[in-house]
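> Handing you a structure now.
The values are calculated or read from the model by the stated rules, or taken from the named source; none is laboratory data. Note that the coordinates shown come from a computational prediction; the quantities given were computed from them, not determined experimentally. With ideal geometry, Cβ positions are generated from the backbone for all residues, glycine too; neighbour counts draw on all protein chains shown. For accessibility, only protein heavy atoms count, side chains too; no ligands or nucleic acids. Shrake-Rupley method; radii C 1.70, N 1.55, O 1.52, S 1.80 Å.
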Amino acid sequence: QVQLVESGGGLVQPGGSLRLSCAASGRIFIIYEMGWYRQAPGKQRELVAVINRGGGSNYADSVKGRFTISRDNAKNTVSLQMNSLQPEDTAVYYCNAEIQSMPGISRSYAWGQGILVTVSS
């Protein structure tokens with residue numbers, strides 16, 4: 001059983017910054033890709049940013065240059081630094097991780113419960 005717990009969301013004014021963090025715990029042998037997704041009201045969940053174990057990352061075009069994803073492999077954590085936030089960034093943000101629980105066991109994906117980010121004046 002693996003759990004992902006997000007923290008750091010909240011209300012911020014346009015142009016402001018927030019930092020989201022996600023910690024994985026439980027039966028973990030190795031975590032491959034980690035990422036952040038978001039779902040705005042009435043919209044489908046979308047990719048925000050992903051990062052592999054080596055630090056290689058990809059971003060949605062809408063957040064490039066404003067958001068930075070990072071991870072700590074030793075602590076099984078992933079973070080998302082969000083700068084220059086805009087109202088259209090308002091959404092529930094979800095942490096995601098591709099995890100192998102034990103050697104020889106297939107990989108699976110885990111999701112956090114989601115955390116709300118509201119950008120409003």
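> If you go through the stretch 1-14, how many residues are at pLDDT 95 or above and either assigned to a strand (DSSP E or B) or polar (S, T, N, Q) (or both)?
9
> Can you confirm whether S7 is within 16 Å of the chain's Cα centre (by Cα) and surrounded by 13 or more Cβ atoms within 10 Å (Cβ to Cβ)? Please lay out each step first, then the result.
Working: within 16 Å of the chain's Cα centre (by Cα): yes; surrounded by 13 or more Cβ atoms within 10 Å (Cβ to Cβ): yes.
For S7, the condition - within 16 Å of the chain's Cα centre (by Cα) and surrounded by 13 or more Cβ atoms within 10 Å (Cβ to Cβ) - is met.
> Here's a follow-up. Would you mention how many residues in the stretch 99-114 are within 12 Å of the chain's Cα centre (by Cα) and either open to solvent by 30 Å² or more (accessible area, probe 1.4 Å) or aromatic (F, W, Y) (or both)?
In the first step, residues of the stretch 99-114 are kept if they are within 12 Å of the chain's Cα centre (by Cα); the result is 110-114.
If we keep only those that are either open to solvent by 30 Å² or more (accessible area, probe 1.4 Å) or aromatic (F, W, Y) (or both) too, we end up with 111, 113.
Residues that pass the stated criteria total 2.
> Further, regarding this structure: Applying the selection to the stretch 63-95, what residues are among the small types (G, A, S), out of contact with any Gly (no Cβ under 8 Å at 6 or more places or on another chain) and either open to solvent by 50 Å² or more (accessible area, probe 1.4 Å) or in a loop (DSSP other than H, G, I, E, B) (or both)?
Across the stretch 63-95, the qualifying residues are G65, A74.
> I need the full set of residues from the stretch 34-46 which are open to solvent by less than 70 Å² (accessible area, probe 1.4 Å) and assigned to a strand (DSSP E or B), in order please. Even if it seems obvious, please write down each step before you answer.
Here is the first cut: in the stretch 34-46, the residues open to solvent by less than 70 Å² (accessible area, probe 1.4 Å) are 34-40.
Result: M34, G35, W36, Y37, R38, Q39.
> Also, I was wondering about something else. Could you check the stretch 10-29 and list, in sequence order, the residues that are open to solvent by less than 80 Å² (accessible area, probe 1.4 Å) and closer than 17 Å to C95 by Cβ?
If we filter the stretch 10-29 for residues that are open to solvent by less than 80 Å² (accessible area, probe 1.4 Å), which is where we start, we get 10, 12, 14-18, 20-26, 28.
Listed by number, the residues that qualify are G10, L18, L20, S21, C22, A23, A24, S25, G26, I28.
> Just to be sure, is V78 touching a residue at least 40 places away in the same chain (Cβ under 8 Å) and touching a Pro at 6+ places or on another chain (Cβ under 6 Å)? Before the answer, list the steps.
Details: touching a residue at least 40 places away in the same chain (Cβ under 8 Å): yes; touching a Pro at 6+ places or on another chain (Cβ under 6 Å): no.
Here the answer is no, as V78 does not meet what is asked.
> While we're looking at this one, here's another question. Could you list all residues from the stretch 15-33 that are part of a strand (DSSP E or B) and over 13 Å from V5 (Cα atoms)? If you could, list the steps in order and put the result at the bottom.
Kept after step one, since they are part of a strand (DSSP E or B), are these residues of the stretch 15-33: 18-26, 30-33.
Answer for the stretch 15-33, where residues must be part of a strand (DSSP E or B) and over 13 Å from V5 (Cα atoms): L18, R19, I30, I31, Y32, E33.
> Could you list all residues from the stretch 34-68 that are closer than 21 Å to V2 by Cα and either in contact with a Leu (Cβ under 6 Å, 6 or more places away or on another chain) or at pLDDT below 95 (or both)?
The answer is W36, Y37.
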